[in-house]
1. Suppose only helical runs count, i.e. DSSP H with n ≥ 4. What mean residue ellipticity at 222 nm does that imply for the chain under -39500 (n - 2.57) per run, divided by all residues and rounded to the nearest 500 deg cm²/dmol?
2. Among the lysines, which fall within straight-line cross-link reach of Lys987, defined as a Cα-Cα distance under 17 Å, with same-chain neighbours fewer than 8 residues apart omitted?
3. Search the structure for amide H atoms under 5 Å from the amide H of Glu185, placed 1.01 Å from N in the peptide plane, and list their residues when 5 or more places away or on another chain.
4. At 7 Å along Cα-to-Cβ for each site, give me the label-to-label distance between Gln666 and Ser307 in nm.
5. Step through the residues of the stretch 781-786 one at a time and calculate ³J(HN,Hα) from phi using the Karplus curve (6.51 cos²θ - 1.76 cosθ + 1.60, θ = phi - 60°), rounding each to whole Hz and writing x for Gly and Pro.
6. Taking the dipole about the Cα centre of the stretch 614-776, with the C-beta of Lys and Arg at +1 and of Asp and Glu at -1, give me whichever of Trp684, Thr729, Thr771 is farthest to the positive side.
7. Given the Cα-Cα distance of Ser1119 and Glu162 and 0.36 nm per residue of separation, how much length would full extension add, in nm?
8. Could you tell me how far the Cα centroid of the stretch 548-590 sits from the Cα centroid of the stretch 1055-1088, in Å?
Amino acid sequence: EIVKKTRGAFDPAVAPLLHHYEKIARKAALHSNLDISMSSTSTSSSIDDESFVDVETIRRQREVVSVLIELWSRGFGDVDSNDNRVSRKVRDLLEVSQWSSAFSVAPWGVGKNSNAAMSEDKGGLLCIRKKHIDARLDLSGISKGWAVDEIASKLPSPCYVEWGGDIKVRGQHPSGRPWIIAVPEPPTLDELHKRLASAQKSGQKGPVYTLSDHEQKDDNDDDNDSNSKKYLAILELQDGDAVATSGDYEKIIYKEGKMYSHVINPQLGRLLQLNQVTLAQSVVVCKSCMFADALATAAMSREDISSARTLLEPFRTGFREPVTDFILYARRGPRIVRMLVPGLEQKEDRERRLARHTPAKVIVVGSGLAGMSAAIEAADAGASVIVLEKESKTGGNSAKATSGISGWGTETQARQGVADEERLFERDTFLSGLGGQSTPSLVRTLSTKSAPAIHWLLHRFNIPLTVLSQLGGHSAKRTHRAPPDENGRPVPIGFFIMKTLRDAVESEYKGNIEIKCGHSVTSLIHNVDEHNVKTVTGVQVKTEGEIREINADAVVLATGGFGCSLSEDGLMARFRPDLIKCPTTNGAFAQGDGVTIAESIGAELIDMDKVQLHPTGFIDPKDPSNPTKYLAPEAIRGSGGIMVNDEGKRFVNELDLRSVVAKAIQNHCAPYKDGDYTGPPFAWCILSEPAQKLFGAPVIDFYKNRLGLLEHCADVKAAASLIGCSEGTLIKTLKSYEGAAQVGNCPTTQKDIFPAMITPDSQNLILCRVTPSIHYTMGGININAAGEVQERIESIVGHHRHIRRLFAAGEVTGGLHGNNRLAGNSLLECVVFGRIAGERAATIDTPSEVMFPYTESDTHLKDESTGWFSVVLREMRNTDKKYGINTREARFNLDGSLQCTGLDIGQYVAVRGEIDGETLMGYFSPITRPTDEGVIGILCRVDARGGPITKLLQHIRPGSTIQMRAMGGLRIKFHPKPNPHITFRGKTIRRIGLLAGGTGIAPMLQIIRAYGNFVLQNGPDAVTPHGLNLIYAAEEESDLAYMKILETLRDTFPLHFRFYVVLNRPPTGWYQGVGFIEPMDIRKRLVYPPTDEDMVVMCGPPVFEMAMRKTLFHLGFNSSQWFSFAADDNISAHL
């Protein structure tokens, strides 16, 4: 039966399937309390947790599981006497279904049955031979893809292999470009009916028909013109890429006038019927043709495009051959879905956006990884760049980094089968940073951009980040390093990255990037306008004893931290005086220069007291008092090194957060003593032979023989002697550790990961002395998610404003890592925010000062093809506490950091984007002011009340693009001094009444903010007392948004602004309006009686606005005295 169900059982996939079914059967037996005597050992001890099947799943698939249990329990009635786990039939089946045991590959003419005819020269061709007479190759299903992979692996590069539509390439096209693959549009249902008729006419007998292009040929059919063939996409394939396609048109089953595909929906147990709306074709690109084929067919079986996308999305990450692209197609529309990586701007969108800028001159201060990333990205965006470095060589502390660069969802993780997630990465970062400020928008940006950052280094600069480690505080293996070199020597990852980028700059960016070493920036040239807005125009630099100025369109600060600013007047003495005598792993250049010059012009500093002590700075026994320590890499603990104090006792989970391990050393270890010298507390780190193997023999050699920081001990007795502790105590410690490792948990330190074993009998130990050392400064310049330097201001509409034309990235900034930085996140931060700051600086100047130029006329709204601009998501802020439950503020970058929207007060925007082949659209009133530079923010709901657009807004991540355009709206104007007044459509307004229903509060907040700002700038005499009044209606209290900010505005302007809330379902204790807005509410709390200088604005659900218009009419208002968003002609046309 199994032979029949596996298409002859000679599919190369059958062996792993059999093993998988065995595990399922065992697990099913365990959960069903059935006894299966499959081995002499207990069932539970042989269960593989990776194949876990929960009880509910078993219940749903009871029939299948029961068959498996019965099958395995009786051993097919033919149990092998030598091994009662598997029957002889199963063993024979495995023998002929595994590639290694059933087949061999050898040069043509070599082998058991070779003869003279076969021995002739065949040009080096290889031949596949059977080892077993019953072995066969079944190249249907995913086996065809497997065969394509195998053929491509045997051919020299470059090569192109295609078999039945499955494609695999190696190398580049001989012309030097990527391989170009055109994906044709599937045939229409009418075309398929024609092909079916042709097949029947040619003699094919149903109900199964194989249809091909030639069977449709008709000399009189215009569709046969090759030039008329339509294509869904043109794919560029890189080295190793594979493509597989599955469609409903490949094999047709025709019955009772209906066409069915050969693909089965496994959930419904039926064939897929061909129609206009379900999935007609799926195309998958990854590095394995076999996997691409399997996933393409699996996607087809889901029928629905949204369901197919949901199936394929997880295979972008955490899969050993990650999906790099896919196309899903349905005929109606047609509906086409391409793979979109959240947070990754499409190439076409980026090119169009960059074309809307004028070239800029950018100065980057600092040449570490953040500075180099910023310089390269700025140059790629069209800027001319000068990199100023105060030292004689580039690299900074980045060149000293050894732990690696962290990131989730990477190709390296996928190929090693590491499952990782956005939420885990962010949780680990927030957890590590507790006690300091980890700004959610910065953490989300770091997380979203982590895989693109690593792939940028991997593919753009060919840095082989192929080695993974799970370091302290991380919940998965996600810290990437390079493998040892060809001689087995370790590759210091920081130095390797910095040398590679420097070489790339010198070879690829001549004329675009100029590096000037020995140039120390002493101050920022800037000006201040009448509103105290600061603009940076260049830098003052000291070189060879001379001071000179260099002007620029934008400046990026990437000067690093202040980990060596240990003088009495330095930053450490100012913010952490308790650490000025602490050792440091930083270079002498880490003085916090960027922090100092930014603060001098008003930049806000954040978390300056948050300084990370790395727990393992090497103490050199030859020079123990040297304040600068070599860093003992994170891997010394990650490889299984254990830490003991001078008594030989363990005291900490070695893989805990750096801050935790460092504090434990300070609390549990004695000071280092050497003669008259008394140093800081220190610990001993002991590596067993297995730990040394993981750490790497070349690394050991470097630190032991070249630097003299490691010492060898033959056994535990020698180690106790070196430490100066009791041998019995050390033996007891190691015995306890051995027991903890065997059960997977240490009750004393809660350690639950044991990379390497060490026991009292361990031989050839390596020991070193380590002490907590200043390693990283989490505090620095406050930036936003666009890399713009922030200053603090006092305003009713916000507390921060960017310093124009000034950006920062890397350790010079604060607000990301909180109280403690995770290993590997520093290099990641440098790449992520260095690239963001570099591009934002390069795109500082735009031909237009406003993003949306339409402010006077709505005539453009008639043409849906114009006025749309792609905008990049900067951040999505959780505003549940600020504005109301289930609300988010989505903030998008305008094209330039100095651009304004160009919108009027009360004007709204349309937002649209595509997901699952559907274009979703929503309409929003910005909650940022029209004069805010570089950003537009909208408030949206993320529950069902937010409408279909919610699906899109929940999917996008920082860096994603959507389209936005200016629409109609109120367009009220506030005219400043010398003649301050408010107008609407040319008419002066003295009093404004606002009627808001539900989400209609958003445009009202914009009006209230503008009104308050107008009062502040022009004085209270510019407006009428109590000239602004709001009545806000909602269903229940949880629906209310902006309440805190409304209360703040009311308290700030008690003589000018009042508001009143009406709830239909009020909570207990409610004392304001109940039910609906009544005429008496308008008389008492809005504007009444109406005058020619009064105006009422209403916004909310259409039924709410209709009721309010009727009420106003009965109160004596006429249509010229109110504005209704729902009744506005331009808005109604689009709604």
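We did not get these values from a lab; they are worked out from the coordinates using the rules stated. Just so it is clear, the model here is predicted, and its values are computed rather than measured. Using ideal geometry, Cβ is built from the backbone for each residue, glycine included, and neighbour counts are taken over all protein chains shown.
1. That comes out to -8000 deg cm²/dmol.
2. Straight-line reach from Lys987, under 17 Å: Lys973.
3. Those lying under 5 Å, H to H, from Glu185 are Lys230, Tyr231, Leu232.
4. Between Gln666 and Ser307, the simple spin-label model gives 5.8 nm.
5. Taking θ as phi minus 60°, the curve returns 6, 6, 10, 9, 5, 9 Hz for the stretch 781-786.
6. Highest projection toward the positive end goes to Thr771.
7. Net length gain for the segment: 337.5 nm.
8. 56 Å
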